[in-house]
1. For the stretch 150-185, what are the residues that are over 19 Å from Gly200 (Cβ atoms), in contact (Cβ under 8 Å) with a residue 40 or more places away in the chain, crowded, with 16+ Cβ neighbours inside 10 Å and of a type outside the set (D, E, K, R)?
2. Taking the condition of being in a helix (DSSP H, G or I), touching a residue at least 24 places away in the same chain (Cβ under 8 Å) and not polar (S, T, N, Q), how many residues in the stretch 218-241 meet it?
3. Here are some residues: Ala86, Ala82. Which one is within 21 Å of the chain's Cα centre (by Cα), hydrophobic (A, V, I, L, M, F, W, C), closer than 28 Å to Leu155 by Cβ and not assigned by TED's automatic domain parsing to the domain that holds Gly195?
4. Filter the stretch 48-79 down to residues that are surrounded by 16 or more Cβ atoms within 10 Å (Cβ to Cβ) and either outside the structural domain of Ala231 (by TED's automatic domain parsing) or touching a Lys or Arg at 6+ places or on another chain (Cβ under 8 Å) (or both), then give me how many there are.
5. Would you point out which residue out of Leu107, Leu132, Leu155 is out of contact with any Asp or Glu (no Cβ under 9 Å at 6 or more places or on another chain), more than 17 Å from Asp211 (Cβ to Cβ) and of a type outside the set (S, T, N, Q)?
6. If a residue must be assigned to a helix (DSSP H, G or I) and touching a helix residue (DSSP H, G or I) at 6+ places or on another chain (Cβ under 7 Å), how many such residues does the stretch 149-191 contain?
7. Given (1) buried (at least 23 other Cβ atoms within 10 Å of the Cβ); (2) of a type in the set (A, V, I, L, M, F, W, C); (3) under 20 Å from Val55 (Cα atoms), where does Ile213 come up short, assuming only one miss?
8. Any idea how many residues of the stretch 57-115 are of a type outside the set (A, V, I, L, M), over 23 Å from Ala187 (Cα atoms) and in a helix (DSSP H, G or I)?
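The values are calculated or read from the model by the stated rules, or taken from the named source; none is laboratory data. Note that the coordinates shown come from a computational prediction; the quantities given were computed from them, not determined experimentally. FYI the Cβ positions are ideal-geometry reconstructions off the backbone, even for glycines, and counts take in every protein chain you see.
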Amino acid sequence: MTANCLLARTFLVLGLVSSVAAAAAEVQVAVAANFTAPMQAIAAEFEKDTGHRAVVAFGATGKFYAQIKNGAPFEVLLAGDAITPARLEREGDTVKGTRFTYAVGKLVLWSATAGYVDGAGEVLKAAPYKHLSLANPKTAPYGAAAVAVLAKLGLSETVAGRMVQGENITQTYQFVATGNAELGFVALSQVIKDGRVSAGSAWIVPADLYDPIRQDAVILAKGKHNPAAQALLDYLKGPKASAVIKSYGYELSVQDGDGK
């Protein structure tokens, strides 16, 4: 091979590498805390398959709303509800036409102790527990769902003095996992593995006791011109991400599950 041919081939390879690097981008993503485990798995596969990188922050949806309104650099929101993305859309903080439901969550009453929670949730009425953990209902959709369940069961006043609020569903889970609360309302995705509750004991709360926890994703205004933002939403709708989402106990739509 002549020196000129070798030089030409080197430039060709460098050009291809530069093209791939130019096409790849980062996207700043705010993700509801309940979706931590599946999003970690999806983000890794997303980068492998597309070259784009999702830089992810996890937390309470209500807090993300406040941060977005105050100029936080998020480009995509994966909320724990449908209300917050719709509100941001009305207020002009999203790219219209990009909002969709990526998951429908399920609420469980869980204890880290095997056999503590029965299959009908009677433990809420009978057991001598001192602490019941739930997420802040003002900022966390799963916390709001827990409050609705207690109200429908007529237990709001009974358990009022025992409730311990987590800042988000992750902290709520940690209260129970560490034994600081005997039981708590958490997301099914936090305690399920291979289709079964992986540890402790749980009651999957019937869907008719709370409104469906429809979780919507949307591209925020700051992500309008970022190709990685649209690529992420497209990926969430694809078969790989859908399989991960369902493996953590979510449904892909209200119609798939028992929701109203």
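1. Asn168
2. Within the stretch 218-241, residues that are in a helix (DSSP H, G or I), touching a residue at least 24 places away in the same chain (Cβ under 8 Å) and not polar (S, T, N, Q) number 13.
3. On the way: Ala86 fails: closer than 28 Å to Leu155 by Cβ.
Going through Ala86, Ala82 in turn, just one is within 21 Å of the chain's Cα centre (by Cα), hydrophobic (A, V, I, L, M, F, W, C), closer than 28 Å to Leu155 by Cβ and not assigned by TED's automatic domain parsing to the domain that holds Gly195: Ala82.
4. Result for the stretch 48-79: 4.
5. Working: Leu107 fails: more than 17 Å from Asp211 (Cβ to Cβ); Leu132 fails: out of contact with any Asp or Glu (no Cβ under 9 Å at 6 or more places or on another chain).
When all the criteria are applied, what remains is Leu155.
6. 10
7. All conditions are met except number (3).
8. Final tally of qualifying residues: 5.
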